[in-house]
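Let me begin by presenting the structure, written as structure tokens, before commenting on it.
Values quoted throughout were computed directly from the atomic coordinates according to the rules given, and no laboratory measurement underlies them. Just so it is clear, the model here is predicted, and its values are computed rather than measured. Cβ coordinates were reconstructed from backbone atoms using ideal geometry, including for glycine residues, and neighbour counts include every protein chain displayed.
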Amino acid sequence: MNPLLDVSFAAIAPELVLTGAALVLLLVAITRGRPQLVMLPVGLATIALGAWVAIGGDLVPGVVLALLGVAAPVLPIVLPGRATLVQAWGAGLALGAALVLTLWQVGPVLGADGGSLVASASFAGSLASDGLSLFTRLTVYLSALLVVPLGYAYLQERRINRAEVESLILLAAVGMAVLGGANDLVTAFVALEVLSFALYVLASLARRDRRSQEAGLKYFVTGAVASAVLLYGLALLYVATGTLSIPAIGASITSVLVPRGVAMAGLVLVTVGVAFKVALVPFHFWTPDVYQGSPTNVTAFMAAATKAAAFALLLRLYLVAFPGLQAYWVPVLAVLAAATMLYGAFAALSQHDVKRILAYSSITHAGYATIGVLTLTRAGLSATLLYLLTYAVGTIAAFGVVIAVERRRRGEVTLTNLRGLGRTSPLLAGIMALALLSLAGLPLTAGFIGKLEVFRAGVDAGLTWLVLIGVLSSLVAASFYLRIAGIMFLDDAPEAVAVAVDGDGDGDGDDVEAMEAAEARMPLLSAGLSSAVAVAAALIVVLGLQPQLLIELAGHAGVLLR
Amino acid sequence: MGPITLTIVTPLIGALLLALAPRARERDVRALGLGVSLATFASSLWLLSRFDVANPDLQLAESATWIPSIGARLAFAVDGVSLVLILLTTFLMPLILVASWRSVQDRFVGYTAAFLVLQAAVIGVFATTDLLLFYVLFEFTLVPMYLIIGIWGGAGRRAAAVKFFLYTLAGGLLMLVGILYVHAQTGTFDYLAIRDAVVSGRLVLSAAQQTWLFAAFLVAFAVKVPLFPVHTWLPDAHTEAPTGGSVFLAGVLLKMGTFGLLRYAMPLFPDATIAFAPWLIGISVVGVLYGAIVALMQSDVKRLVAYSSVSHMGFVVLGTFALNDIATTAAVVQMVNHGLSTGALFLLIGFLYERRHTRMIADFGGLAKQVPVMAGLWLVVSMSSLALPGLNGFVGEFPILLGTFATNRAAAILAAFGAVLAALYLLWAYQRIFHGPLETEANRTTPDLTRREIVVMAPLIVLIVAIGLYPGPLFDLVGPSVDRVLAEVAAVAGGVR
């Protein structure tokens, strides 16, 4: 706590916990069956640290740390010989702790009625602590917390649950959270690379699956190109303005001392780079392949959390650094948003692979979220943040169901595989339908609230034309979401399943065979998957019925450090 | 808890109970569905008893917070128009459920639950005074109705369900943009506040703004009514829906469109209402004649009635935009009448279909000798639908034409041909189905209505006759509210502020 160094541990408490947890989990993996070699000392140290923090006056982080410290050695005891489960629980607990710490950071503001978050900087202005950074954390950690249990049994079954998975998810989450708060160009770029590298590995996790390899490679190549373009743009911005600090760039970018040409070149390159990362048309082309090929839980994580983090970068750059140039970028970004909304929706119409459909849907949703950015208002910022959270919840629930169907089939999930799911597993199909309705933005789901807020901000800011394009795109999107729902509920189950379910009861051989075939097609649930999907579904309903708290939080979060 | 809340919550509780017991025995589900829908009807009668008929205002207001930070409330209140539509909804629901006892075998729990949820949402649509909540419920009705058509419908159910969904969603989303635009201008979703601002001249929308906003609302409601040329989803939806779905669709869901025009589009955008009125009269006359002529050519009796719906709802819109108190009040009365007559026709068609598994008119003939009760009821209901004096259709349709004649002579004369054509297609269908020689074996063995089916039909017939002979109370109930809307439109658009 040396004031000269301006290190604020409180500002990065959740990230510290996660980074620590990631390292511990990696260390545990190399102890080869003797986890207590790491867990015990680390646990004791963490308890001590927690006690010290608590005595220092910060009760919540102290208690959280102490609990984590207790959990560390206990986990291997209650889960003897199940190394991967220890990893998953460890990551889950760490993420839960990070979520609690994030709420602790938000807490003081939430309690005060009507007050907004107070933006502050730490690390000599490198890291912002404002609405954007806190809400992004919330979305990212919530997504990660849902994705870890979602994917556990799936990875296990495909034999790709290697020791680094959970650590990589944690590190990616840290990168995303830091990106949300990155207040200078270097921090932003480093955070972006941290999360990207973790995701490159995660995408190609299935080493024996060629599609996963393809996804990883494609993601890596396009991601590296995008990063390079973005970096070039950031460098030009530095050249033009002479500063790395995003608020300082914003303050000086319109100054006569700044060479307009260089600044514009920087803006163009940054726009391309960021558009790649959030997958705006025409820089979206990597998305379908990567989303389809990656292990499904990784896809869910990318769709939900990476999108939120990349949007955090976009929001901060355009709303803090570039408002002075808005005459140039608003029209461009508006056209990109319109193209994204329409292209994603129409392209999804002709797809048969469910993961691909959801990938195109994620493209469409990036377009909607961009509307909030284009309003250049506080309400628009809040709306985008809210939208990303509601989208994350909906998309995680949808991918969760895909995982359940995929696990038995060990391969891609096409629309035909979902036929009759409403009859064979009504609950699962119901959750899928709920998630799709939410993604389509139908009333009484979380997705509607997100869409309502974005559209409202758009109309209020005079972007009615863009909102109308959003309406058109929602309509097209609704038709393919509806198609999936229709296939699940309105089509009858495939023959074999129908036979097995109806069962003529004469007990002959075909029946048994049919039973087995049907069995193989039945979706498979595990405790982790069901609970994650159930929580996501519950969030969709609760946020749809009573969104007040979240809207309020997003409203408070419409604060940027300038 | 006030009567409106109780009327909305009762079916929801029923649906919740069913959701908690998805494996319940069919007998219990039937009993529960019937009990809950009767309780809802009773609750709506309580609402009626509390209603002050002479008062044209929205009454019995109830409200609760919902999303305070954007100013959306769970606010409800009823006037005469919304009250009769709520009564129509709660009245039809028990009949629909009992009528479906035999025809719906598969997943009856889900069927009942979907209907109860749908009913709650529709009552909410009629009762809410919050624009956002109105949109939410208006759009939400799509989900249960989509399932009802899509799961329990006929062979082409999926395409029909999707068509229904997308058409309505398209209109609804445009209305949402309109609502958000109004919100941007006024800062509130409270219908009463916005209406008062319009009436008192505090909110003045330019002619262009009004035109666009009216158009946005109009698209949503025109699809729902449905007005020509956005009616094309209706014949498919009606034909493929299960009997109960058709009854509810014709009886209640279509009324959301005409109700929306009267409640929202007209008072909020009075100048645009005046400007659009001639066009809408023109379109509805086209709809009246088009629906009738196409109905005449149908070989499937359910499709025939579906097109007759297009024609009859054209009458309702015609009366609404004739903008005089006779025609517009009668238009609301005709909404109820259409719900009863067409609902009853769909029930009879459903009963016939259950017996024969065909709806082709050519497959029938001479049935009157074999099923006299059904034939008699069919005749009464057809007569009601074609507006025979003494039955309910007449007391709605005749004043519509009368009132329209005063303001727009040509439209009234042309629409009158629609009434003539209605007699033609309905009686011709009756004749082909029930008269003539009893030839085929299938026709000779068709059983007549069962006691349960007669019990379902009886309340409808009673109301059809009662409204026809003694329509006064119904007019008294809706008259003041309609007059108020017309006065508001006239006052603002006439420049009297």
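Here are the numbers for this structure:
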| read-out | value |
| --- | --- |
| Linear extension gain, A:R562 paired with A:L37, 0.36 nm per residue minus alpha-carbon span | 184.3 nm |
| Order of B:L34, B:L192 under a 10 Å beta carbon neighbour criterion, fewest first | B:L192, B:L34 |
| Rounded, prolate or oblate (a/c below 1.5 giving rounded, otherwise prolate when a/b exceeds b/c) for the range B:269-497 by Cα gyration tensor | prolate |
| Length-normalised contact order of chain B in % [C-alpha pairs under 8 Å, at least 6 apart] | 16 |
| Residues B:S246, A:S245 arranged by fewest to most Cβ contacts within 10 Å | A:S245, B:S246 |
| Nitroxide proxy distance, nm - points 7 Å out along Cα→Cβ at B:A21 and B:L379 | 4.5 |
| Cβ-placed point charges (K, R +1; D, E -1), dipole of the protein assembly as shown about Cα centre in debye, nearest 20 | 880 |
| Estimated inter-spin distance, A:W465 and B:D476, nm [label 7 Å along Cα→Cβ] | 5.7 |
| FRET efficiency for B:L203 and A:W52, using Cβ-Cβ distance with R0 set to 56 Å, rounded to 0.05 | 0.35 |
| Gyration tensor verdict on chain A (Cα atoms; rounded if a/c is under 1.5, prolate if a/b is larger than b/c, oblate otherwise) | oblate |
| Given A:K451/B:K163; B:K255/B:K369; A:K355/B:K255, the pairs whose alpha carbons are separated by over 30 Å | B:K255/B:K369; A:K355/B:K255 |
| Ranked list, fewest to most other Cβ atoms within 10 Å of each Cβ, for B:W46, A:W52 | A:W52, B:W46 |
| Charge tally in the Cβ shell below 9 Å around B:F189, where Lys, Arg are +1 and Asp, Glu are -1, B:F189 excluded | -1 |
| Additional length obtainable on full extension of the chain from B:A416 to B:S103, 0.36 nm per residue less Cα span | 108.9 nm |
| Selection from B:T329, B:A419, B:Y470, by position along the positive dipole direction of the range B:269-497 (Cβ) | B:A419 |
| Gain in span if fully extended, A:R82 to A:E157, counting 0.36 nm per residue against the direct Cα distance | 25.6 nm |
| Inter-site label distance for B:D483 and A:S8 at 7 Å from Cα along Cβ, in nm | 6.7 |
| Kirkwood hydrodynamic radius of chain B, from inverse mean 1/r over distinct Cα pairs, in Å | 22.5 |
| Sites A:L549 and A:T377, calculated FRET efficiency, Cβ-Cβ separation with R0 22 Å, nearest 0.05 | 0.50 |
| Span-like helix ranges in chain B, DSSP H, alpha carbon extent 20 angstrom or more, Kyte mean at least 1.6 | B:3-20, B:80-103, B:108-127, B:270-296, B:451-469 |
| Ellipticity estimate at 222 nm from DSSP helix runs (n ≥ 4, -39,500 (n - 2.57)) divided over the protein assembly as shown, nearest 500 | -25000 deg cm²/dmol |
| Volume per residue of the C-alpha convex hull in the range B:151-304, rounded to whole Å³ | 109 |
| Sequence-separation-based contact order of chain A, relative, with Cα cut under 8 Å and 6+ spacing, percent | 15 |
| FRET efficiency estimate (nearest 0.05) - Cβ-Cβ, B:A159 to A:V335, R0 41 angstrom | 0.70 |
